[in-house]
Structure formats: C-alpha cells, structure tokens
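Everything below concerns the one structure shown next.
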Amino acid sequence: MSDKGDAVKSQTEPPRQAFRLPAEIGPLLGLLGVFALFLILLAWGGQVRSFLSLYNLQLLMHQNAIHAVVVIGALLVIISGGIDLSVGSVAALAAVSTALAYKHTLAATGSAEWASVAAVAAGVGAGGLCGLVNGLTISWLRLTPFVATLGMLSIARGVAFWLSDRSQVRPTGTMPAWVDSLQEARHKILFFDPGVWSALLLAVGAVVLLRFTVFGRYCYAIGSNEATARLCGVRVERNKVIIYTLAGLLTGWAGILAFAQASGSGDPTVQVGLELDVIAAAVVGGASLRGGQGSVVGVLLGVLILGVLENGVNSCGVPLEVKYILIGVIVVANTALSEWQRRRAG
Amino acid sequence: MNAPVRLTMTNVRKRYGPTKALDGVELELRAGEVHALVGENGAGKSTLMKVLSGAVRPDSGSMTLDGRSYEPAGPQDARRRGVAMIYQELTLAPDLSVEANVALGLETTRFGFLRRGVDRRRVEDALAVLEHPEIRPDASVAGLNPAAQQLVEIARALLLDVRVLVLDEPTSSLTQQDAQRLFTLVRRLRDRGVTVVYISHFLEEVQQISDRFTVLRDGRSVGGGRTTNFETGRIVEMMVGRSLDEQYPRTPHQAGAPILELSDLTGDKLPRGVDLTLHRGEILGIAGVVGAGRTEMLRAVFGLDPVRRGSVVIHTVSGAAIRTPNAAPRRRIAQGLGMLSEDRKEEGLTLDQSIEDNLTYTRLRPYTWLGCLNVGRRRRAVEDWLGRLRVRCAGPWQAVGDLSGGNQQKVALGRLLHQDADVLLLDEPTRGVDVGSKAEIYRLIGELAARGKAVLVVSSYLPELLGVCDRLAVMTRGRLSAVRPVGEWTPEQVMAAATGV
C-alpha cells in the first residue's frame with residue numbers, strides 16, 4: 001500500500017465518446033489482404049483460375065476444419081487468461097483412442113454402427129479427460145497453465161504411443177460412410193464436408209456460450225481481472241476446470257476428424273505443433289494472450305488467414321519456408337498493431 | 001545547532017491535473033541531522049520524496065545540494081549526487097546474494113568483466129558500517145528477515161558517498177527490537193555527517209529519533225522546527241489544522257438492530273483481535289494510517305483473506321444469526337455482504353470489460369434463465385441504474401476503463417447497490433475521485449443508511465469520516481479502538497490515536 005492521494009490525475013475531462021469498430025474488422029481486413037496478395041501473385045503466374053475454383057474453396061475449408069474446432073476451445077482458454085499447449089498431443093491421443101475403440105468394438109460385436117458410437121465416445125472422452133486433468137492441475141495444484149499443459153503435451157503423446165504400440169492403429173474391413181465423407185473435401189449435398197459443418201455448428205454454440213450465458217461473462221471476467229472475479233463471488237477455480245474440460249472435448253472431436261482424414265486410422269505421430277498454429281490463429285484473430293479479449297468470429301478469421309496463406313503458397317509453388325516466415329511476420333505485426341491501438345486508446 | 005546547510009527546496013510546486021500535489025514547499029536540511037517529515041495521507045510526502053529522488057520533476061521551484069544547484073535527471077543521477085531513497089516496499093532482487101544486490105547497477109568492471117574482488121571489498125566496507133556481522137555478503141537475500149533486507153538496502157546507499165538518505169516509513173514492517181537497532185544505525189550515520197530524512201506516521205518515533213521536523217499539509221510546508229521544542233500534540237494540530245471546506249450532504253437515518261458482529265477477529269498478520277458491532281441504518285467509520293490493518297479487516301470479513309481466530313456473526317431480518325468465521329466471497333454475497341475494493345484498477349473492476357458487466361457481476365440472476373443471459377433486459381436495467389448513479393458515459397456497452405476515476409468508482413459502488421447488499425464494506429470509497437463525484441458518493445452512502453443498510457467505511461481522509469459517519473473507531477497496528485459517536489472525537493484525538501501517541 002502506498003500513499004496514493006498524490007497520484008490523483010485529472011478527473012474533470014468529459015467521457016470520451018467511444019465509437020469503436022467491431023473488433024473483428026482487423027482480422028477481416030487481414031483475410032482480404034492475404035487473399036488479394038495471392039490473387040495478384042497467381043494472376044501473374046496465370047494460375048488464378050484454380051485458386052478461385054469452388055474445389056479450392058472446399059479444399060481450403062476441409063484442410064482447416066481441425067484447426068477451426070480446436071481454436072474454439074483455445075479461445076475459451078485464452079479469454080480466461082490461460083493457454084493450452086497440449087492440443088496437438090491430445091488430438092493424436094484422441095485419434096488413437098477412436099481407432100482402438102472402433103477396432104475392438106467391431107471385433108467384439110461385429111456391428112459397424114456400435115463400433116462408430118464407441119469410437120466417437122472414446123475420442124471425445126479421451127480429449128475431455130485430458131482437458132479435465134489440465135483444469136484440475138491448474139486449479140488445485142496451482143500450476144501456471146503454461147507448465148500444466150506443457151506437461152500434458154508430453155504425457156498425452158506418450159500415452160498415444162503406448163496405446164497404439166508405436167504404430168498406426170488401422171481397423172480391419174471397410175470404413176463406414178461417415179468416415180469416408182469426412183475424408184472427402186467435397187460433399188454432394190452439403191457442399192462442404194461434414195467436418196466443416198461441425199466446426200461451424202460448434203462455433204455458433206461458442207458464440208451463444210460466450211455472449212449470452214453467465215458462464216461466458218465469467219470467462220471474460222476471470223481473464224480480464226481474476227481478483228475482481230473473486231471479489232464478485234465468481235468461483236474462479238471451478239470455472240477454470242470447466243473451461244479446460246470444454247477445450248479438451250473440442251480437441252477430442254478434432255482427433256476424430258484427424259482419424260477420419262487419415263482414412264480411418266489412429267496415428268500417434270499426427271498433429272505435432274497444432275498448438276502453435278492454433279495460438280497463432282487466435283492471436284491473429286484478435287484474442288489477447290493477457291486474457292479478457294477475443295471473439296469466435298475473430299479467431300475463425302484468424303484460422304482462415306493462415307489457411308489462405310498455406311493454400312496460396314501451395315498454389316504458387318512458393319517454397320515452404322516462405323510460408324513459415326510469412327506466418328511469423330503476420331503474427332508479430334498484427335500483435336504490434338493491436339498493442340499500438342490499445343496504447344493510443346489509453 | 002549550526003551545522004552547514006545540506007539541501008534546500010524553495011517554493012517547489014507540482015500538479016497532477018487539477019490536483020496540487022505540492023503547492024509551494026520550503027525545506028531546509030542540514031548536514032548531520034535526522035529530519036522528520038510528517039503529514040497526513042495525501043499531504044504530499046510521497047510526491048516530495050519523488051522530487052528529491054529525481055523520479056518526478058517539479059513544475060517550478062528550485063533545489064540546492066551543498067550550495068550547488070540540484071536538478072536530478074532521474075533516480076540514478078540523484079543517487080550519484082548522493083541522494084538515496086529507501087522505500088517502504090523494498091526493491092531487492094530476492095534470488096541474488098547480498099553482495100550482488102548491494103553492488104547492483106554499480107558493479108566495477110574491466111573490459112566488461114566483473115572485478116569481483118574489488119566489488120567484494122567495497123561491499124564489505126559498506127556492510128561493516130551496519131555493524132551487523134550476521135549479514136554475510138554471500139547470503140541469499142530471500143533468506144533474510146525484513147529488518148536485515150532493509151539494512152541491505154541501506155548498504156546499497158552507502159556504496160556511493162551518501163549525503164542525504166531518505167527513509168520512508170522504515171519501521172512499518174519491523175518489530176520493536178529491530179526498530180531500536182535501526183535507530184542506532186540512523187544515529188551512527190548522522191554522526192558521520194549524513195543527513196537522514198525520516199518519514200513516519202508514528203509521532204513517538206519522530207520524537208525519539210529526529211533532531212528537527214517539517215510538517216506537510218495539502219502540499220504545503222506549514223511548520224517545523226527543533227523536535228524537542230514541540231509537544232506531540234502541537235505537531236498533530238499542525239498536521240490536521242484544515243477547514244472542513246467540503247460539503248457532506250446528510251440524509252437523516254436511524255440506527256436499528258445489530259447486523260454484523262465481529263469479536264476477536266484475527267487474520268494472518270492483521271487485524272489482531274477486533275471487536276465491532278455494526279447496526280442497520282448506521283454509517284461506521286474506521287480511521288487509521290496506511291498499513292494499520294483496516295483493509296485486511298474488511299478482506300477477512302468478506303472472505304478474501306483467512307480468519308485465524310474470532311467470529312463473524314451476521315443477523316438476518318428474521319432474527320436468525322449466521323455464524324461462519326470463514327466463508328468464501330460467494331457465500332458472503334449470498335449472506336448480504338458487499339465489498340468495495342480500495343484498488344479499482346487491480347481488484348475492483350475489470351477495466352477492459354463493459355460497464356454493464358462490471359455493474360452486474362454479483363447479481364445476474366434477474367436476467368438469467370437456465371444459465372442464459374437476457375442481454376436486452378439487462379441493458380435496460382443497467383441504463384436505469386446509470387441514470388440513478390449519475391454515471392457520465394456513452395452507454396452501458398462502454399469499457400469501464402474509458403471512464404474518469406469518479407465515474408469508475410460510481411460503477412464499482414453501483415455494483416453493491418445493484419446487488420442490494422445489506423452490509424456494505426467500503427474501502428477508501430473516494431480515493432482518486434474528483435470533488436463533485438465525492439459529494440455524490442457521500443449522497444449515495446447517506447441514502448443507503450436511510451434505507452436501513454449498514455455501512456462500514458474505511459478512509460484515510462479524516463474530514464470525510466467526520467463528515468459522513470455516525471460512529472468512528474481508529475485502528476492502530478491491527479488493533480481497533482473503542483467505537484464512539486463521531487461528535488465525541490476531535491481530529492486531534494483521531495490523529496493521536498492513529499499515530500499511536
């Protein structure tokens with residue numbers, strides 16, 4: 001405590017008439033910018049037709065479905081002032097669990113339907129369990145989210161290798177139709193593959209959760225100022241456990257998508273580095289790693305920005321290293337820009 | 001005493017916006033004296049210190065050091081000129097050794113490499129002055145007690161040729177015994193010709209240690225002289241002698257049945273054995289100096305800090321008594337308690353969230369159905385509240401951090417009103433608030449009491465407590481005095497009790 005009476009600043013200025021553009025305007029401009037950049041580059045090379053094709057759009061969405069699902073969970077965590085480094089490993093563990101459950105249930109019952117149900121339950125359940133453990137470690141053992149999920153990053157990967165006996169788990173026989181349709185980028189009726197639609201559905205759910213529920217308000221409050229949340233009677237620890245568990249469940253669903261995209265097999269080596277892609281997308285999409293700020297639409301735009309970048313680089317035939325450098329530049333420049341805006345807004 | 005003049009300040013002024021933190025300060029420090037600087041909270045002591053140490057530049061006025069003009073460019077420059085500051089909050093690096101801490105920023109190097117032998121001798125020389133052989137250069141600072149850590153800070157000042165050493169509330173975290181040992185060191189430094197500026201709330205210490213003193217009030221130096229020539233009571237008069245120039249709107253209210261009873265309430269360190277009964281329709285003030293344990297008392301009652309001993313009893317309207325010494329804030333809120341934090345920025349508000357969120361965190365139920373928020377209904381309700389609280393803002397959706405301090409405070413206090421708390425624990429309700437907003441906050445407090453709410457106000461601004469409260473008690477080092485009607489206290493008595501005379 002210090003003598004704060006001296007530090008009283010001017011109180012007489014009138015309140016600023018704060019007219020602010022929606023926070024998503026930045027990422028939207030970024031997406032248009034990246035898109036325009038590749039349009040020009042590809043028009044130069046004469047490949048613009050394939051870049052603008054409907055199939056390329058389907059492919060773009062298909063390739064980013066997993067990121068989109070995971071970024072929703074990461075958004076919850078980041079809004080509450082935390083971080084989840086374990087999503088890549090947890091997704092791999094979920095994929096392996098899905099494959100194992102499918103394989104063994106099919107062998108036991110002979111029914112592809114029952115096997116499918118068991119597979120989805122195992123995948124989502126494995127993800128949720130990892131998320132629950134993350135939440136409990138952070139709330140009860142009072143570890144920082146960085147350390148707790150760093151531990152889970154290693155543990156989940158280890159368990160995935162152990163369960164899969166260090167090799168791909170490949171169920172025998174033909175895969176059911178849902179796996180095939182998740183694997184294809186195009187869909188006859190739905191246009192996009194069902195994985196993309198699941199991500200959009202989950203996104204709508206997340207918007208409702210964050211904007212229209214008490215739990216959502218508490219997420220922002222905890223990330224914005226944990227002491228205030230405590231003062232106002234918010235059960236901070238309990239809410240954190242719920243947040244990390246939800247993030248884990250979403251990662252579990254992403255693992256099932258990974259299982260399907262690998263033609264129905266559980267590979268313990270997949271999705272290494274997913275956490276960095278997702279955090280980058282969230283930051284580019286306007287979520288603040290200090291907590292308290294971020295929106296579903298924003299982070300989905302963030303995923304698309306990085307997705308268009310990847311897709312465009314592939315179409316251009318630009319070497320891979322350019323993509324990595326561009327992503328890095330965008331993340332740093334975007335954050336510097338929003339910090340500058342924040343300082344100017346005071 | 002005719003020692004040569006060491007440092008002078010002439011007509012030093014500094015304003016922050018409309019607030020005159022320093023309004024023409026005159027100060028004369030002599031070589032080899034202990035000079036006490038006393039004044040109420042907010043009198044300008046900390047700004048004066050910052051000016052001395054170069055952390056803040058005055059708007060006008062001049063300073064001299066040993067006859068030469070003294071205009072420090074920053075704390076490092078001031079330190080090089082021989083003016084060193086020991087803050088209440090220590091500034092050591094806990095993971096480094098004593099030696100590394102003392103030499104920090106002043107390391108001797110050759111070609112960029114540390115000359116550890118040279119540094120070791122310099123540090124040992126500095127530590128020798130302390131005459132505390134138990135503080136070894138290679139000891140870890142984290143393992144030392146607060147008294148020893150403070151001595152390490154002093155050793156750091158001694159590494160350079162210190163001419164003016166400023167100690168800010170140096171005994172606030174020391175035991176009686178450690179304080180006496182510190183006084184011995186202070187006298188030894190004085191006898192070596194060092195000028196020691198001693199800032200303290202505790203006038204008995206001032207009497208014991210200082211040769212001369214200066215009183216600050218409202219940013220002005222209002223008096224001073226040789227300490228032995230003044231009775232403590234006379235110094236207190238100089239500190240408080242201000243006119244009650246502010247308006248305290250009083251809403252008539254009547255104290256009713258007891259609602260909150262504390263007995264022998266004891267926290268981790270503070271408070272220590274507090275007994276208190278708060279009634280419905282009553283405004284009870286707690287005076288005391290910063291660090292006396294008033295905030296800790298409120299936090300313990302509200303469940304933010306643990307209660308180690310004693311009891312908290314809450315009486316409901318039906319006459320039932322809830323006895324729970326320890327209950328989480330969520331339960332305290334359910335029991336009808338509400339708390340206003342002293343620190344809006346760090347605890348009271350989520351600054352980057354909207355006004356409507358900040359106002360309604362503690363009572364979302366009226367707008368909630370199955371966990372879902374009726375955003376429209378809440379917005380209409382909040383608009384209503386903002387009018388009633390007279391918050392100047394663009395709308396309920398505005399980030400609360402965009403508001404002025406006074407309007408932020410109205411939102412923070414409004415949360416308790418919206419929550420409809422029966423017992424309001426208000427910690428420094430008008431800190432950092434302009435005069436107009438202050439009057440509105442007093443009006444709200446009065447209206448609450450008139451509606452039968454019980455209000456417990458902690459404030460460091462005595463005129464406000466005397467103007468607003470029905471009864472008053474003073475906290476000193478964790479202990480609470482008897483509660484007496486406000487008319488039975490004079491400002492001098494409150495100051496005397498708070499400063500432990």
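The values are calculated or read from the model by the stated rules, or taken from the named source; none is laboratory data. Being a predicted model, the structure only gives us computed values, none of them experimental. Note that each Cβ is placed from the backbone with ideal geometry, even for glycine, and that neighbours are counted across all protein chains shown.
Kindly establish whether residue B:40 is in contact (Cβ under 8 Å) with a residue 60 or more places away in the chain and buried (at least 20 other Cβ atoms within 10 Å of the Cβ). Spell out the reasoning first.
Working: in contact (Cβ under 8 Å) with a residue 60 or more places away in the chain: yes; buried (at least 20 other Cβ atoms within 10 Å of the Cβ): yes.
It is true that residue B:40 is in contact (Cβ under 8 Å) with a residue 60 or more places away in the chain and buried (at least 20 other Cβ atoms within 10 Å of the Cβ).
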Checklist entry - Within segment A:30-56, which residues are assigned to a helix (DSSP H, G or I), hydrophobic (A, V, I, L, M, F, W, C), surrounded by 12 or more Cβ atoms within 10 Å (Cβ to Cβ) and without any contact (Cβ under 8 Å) to a residue 24 or more places away in the chain? => result A:32, A:39, A:43, A:48
Next on the checklist: Whether any residue in segment B:432-442 is surrounded by 21 or more Cβ atoms within 10 Å (Cβ to Cβ), touching a helix residue (DSSP H, G or I) at 6+ places or on another chain (Cβ under 7 Å) and more than 14 Å from chain A (Cβ to nearest Cβ) is what I want to check.
Outcome noted: yes
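Do we find that residue B:456 is buried (at least 24 other Cβ atoms within 10 Å of the Cβ), away from chain A (no Cβ under 14 Å) and under 16 Å from residue B:285 (Cα atoms) in this structure?
Against the criterion (buried (at least 24 other Cβ atoms within 10 Å of the Cβ), away from chain A (no Cβ under 14 Å) and under 16 Å from residue B:285 (Cα atoms)), residue B:456 qualifies.
When segment A:102-149 is examined, which residues are found to be of a type in the set (Gly, Ala, Ser) and not in a helix (DSSP H, G or I)? Let's see the steps before the verdict.
So in segment A:102-149, the residues of a type in the set (Gly, Ala, Ser) come out as A:107-108, A:110-112, A:115-116, A:118-119, A:121-123, A:125-128, A:131, A:135, A:139, A:148.
A:110, A:111, listed by residue number.
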Checklist entry - For segment B:45-61, does any single residue satisfy the condition of being in a strand (DSSP E or B) and either more than 30 Å from residue B:288 (Cα to Cα) or over 23 Å from the mean Cα position of the chain (by Cα) (or both)? => result yes
Checklist entry - Somewhere in segment B:340-355, is a residue within 7 Å of another protein chain (Cβ to nearest Cβ), in a helix (DSSP H, G or I), of a type in the set (Lys, Arg) and surrounded by fewer than 20 Cβ atoms within 10 Å (Cβ to Cβ)? => result no
Checklist entry - What residue, among those in segment B:323-339 that are surrounded by 15 or more Cβ atoms within 10 Å (Cβ to Cβ) and part of a strand (DSSP E or B), is nearest to the chain's Cα centre (by Cα)? => result B:339
Checklist entry - What single numbered condition from (1) away from every other protein chain (no Cβ under 14 Å); (2) assigned to a loop (DSSP other than H, G, I, E, B); (3) not polar (S, T, N, Q) fails to hold for residue B:383? => result (2)
Item to check | Flag for residue A:227 being within 14 Å of chain B (Cβ to nearest Cβ) and part of a helix (DSSP H, G or I) | outcome: yes
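Within segment A:265-314, track down each residue that is more than 26 Å from residue A:156 (Cβ to Cβ) and assigned to a helix (DSSP H, G or I).
Within segment A:265-314, the first condition is being more than 26 Å from residue A:156 (Cβ to Cβ), and the residues that meet it are A:286, A:288, A:290, A:292-293, A:295, A:297-298, A:301, A:304-305, A:308-309, A:311-314.
Hits for segment A:265-314 are A:297, A:298, A:301, A:304, A:305, A:308, A:309, A:311, A:312, A:313, A:314.
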Checklist entry - Which members of segment B:414-428 meet the condition of being buried (at least 24 other Cβ atoms within 10 Å of the Cβ) and assigned to a loop (DSSP other than H, G, I, E, B)? => result B:421, B:428
Next on the checklist: Here's a check for you: in segment B:201-229, which residue that is at pLDDT below 85 and in a loop (DSSP other than H, G, I, E, B) is farthest from residue B:13 (Cα to Cα)?
Outcome noted: B:202
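Table: residues versus (1) part of a loop (DSSP other than H, G, I, E, B); (2) of a type outside the set (A, V, I, L, M, F, W, C); (3) buried (at least 18 other Cβ atoms within 10 Å of the Cβ).
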{"residue": "B:251", "(1), (2), (3)": "yes, yes, no"}
{"residue": "B:256", "(1), (2), (3)": "yes, yes, no"}
{"residue": "B:271", "(1), (2), (3)": "yes, yes, yes"}
{"residue": "B:278", "(1), (2), (3)": "no, no, yes"}
{"residue": "B:289", "(1), (2), (3)": "yes, no, yes"}
{"residue": "B:312", "(1), (2), (3)": "no, no, yes"}
Checklist entry - Restricting the search to segment A:231-241, which residues are facing chain B (nearest Cβ under 7 Å) and surrounded by fewer than 20 Cβ atoms within 10 Å (Cβ to Cβ)? => result A:235
Item to check | Considering residues of segment A:191-224 that are buried (at least 17 other Cβ atoms within 10 Å of the Cβ) and in a strand (DSSP E or B) only, the residue farthest from the other protein chains (Cβ to nearest Cβ) | outcome: A:192
